[in-house]
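Data first, discussion second: the structure below is written as structure tokens.
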């Protein structure tokens, strides 16, 4: 049975530690895919053969429209366009392709005769990245393609790093829940919504008991496994509108919009019960380890909670009180100071316990 209590406002928050996100390396690359668009079949086949001999995957296109459709399907790394083609010219195809690729970079090389300066200038103005003059030497063609692909790889890597940084600015890398930084942004939004519509907002701080002991006995990887497992349990124990965030090294914050005290206690009980019933298997010893959590719950509005920071302090105070009582229990922050013992697994409430 989970033990729960109501804790006065004087208790101080339980200390926490922050986590440090890491950026993983990008996956290994595959052979580049190059679309070769030329209405001259012999020229198209010659270029494709040259590219394949140099380790590229060449995809033939009969004209500009065909090339555009292939790019739209995805997976293309570079496009070679002959300028003069039926249905859709190389210039027009280049304009369309450059308009399609807003995020990634797909190099476009125009193939023109040496005397066609006008087409080269026009193509470069509308976004072509380079040109290959006809007739061309194979070494020059491959050198220009390799130069463009180097730029593409660098651009793709920068895009990947930026996306990871954007994700890490919102999500915790280990658990996949929101991180500490985004927590405060989201809590501010939820608190303003609760104030505006006069709705309750509950917060629960979930602390993994004795995580340091688990780290010492099984290593940090084992501790990370426990943290991730608890995060998964919490995510499965709440509604879609609820918010779960990493609050510290071994702590999580659960925001419960439009939730009164009985509902918030029910969520805390569910999390407490699911964690206790799950077997965490040590990767080092393969032994099954039982894990417990302590939960501090606070509710807005209440006499001592009038701001978002006050709501966090109240939940922290409830957690602190629960940890001082030995952990593995639920404490609810309220001014009255009466006891609450939830009914779990068929056990009756304690004598003299006050119902919420």
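Quick note: the coordinates plus some simple rules give every number you see, no bench work behind them. This one's a predicted model, so the numbers in the text were calculated from it and none came from an experiment. Backbone-built Cβ (ideal geometry, glycine too); neighbour counts: all protein chains shown.
At-a-glance table
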quantity	calculated
Cβ crowding within 10 Å averaged over residues, with 176-186, 263-273 ranked highest first	263-273, 176-186
Rg/Rg_globular for region 251-332, with Rg_globular taken as 2.2 N^0.38 Å and Rg from C-alpha atoms	1.26
Inter-part distance where region 256-298 and region 41-68 are each reduced to a Cα centre, Å	58 Å
P(r), alpha carbons of region 33-168 - 5 Å bins starting at zero, rounded %	2, 11, 21, 24, 21, 12, 5, 3, 2, 0, 0
Span per principal axis, largest first, for the Cα atoms of region 122-197 (Å)	72, 32, 12
Three-way shape label, region 179-295, alpha-carbon gyration tensor, a/c 1.5	prolate
DSSP beta bridges in region 104-261 [antiparallel fraction, %, rounded to 5]	65 percent
Computed label-point distance, nm, for sites residue 325 and residue 153 using a 7 Å Cα→Cβ extension	6.1 nm
Linear extension gain, residue 236 paired with residue 307, 0.36 nm per residue minus alpha-carbon span	22.7 nm
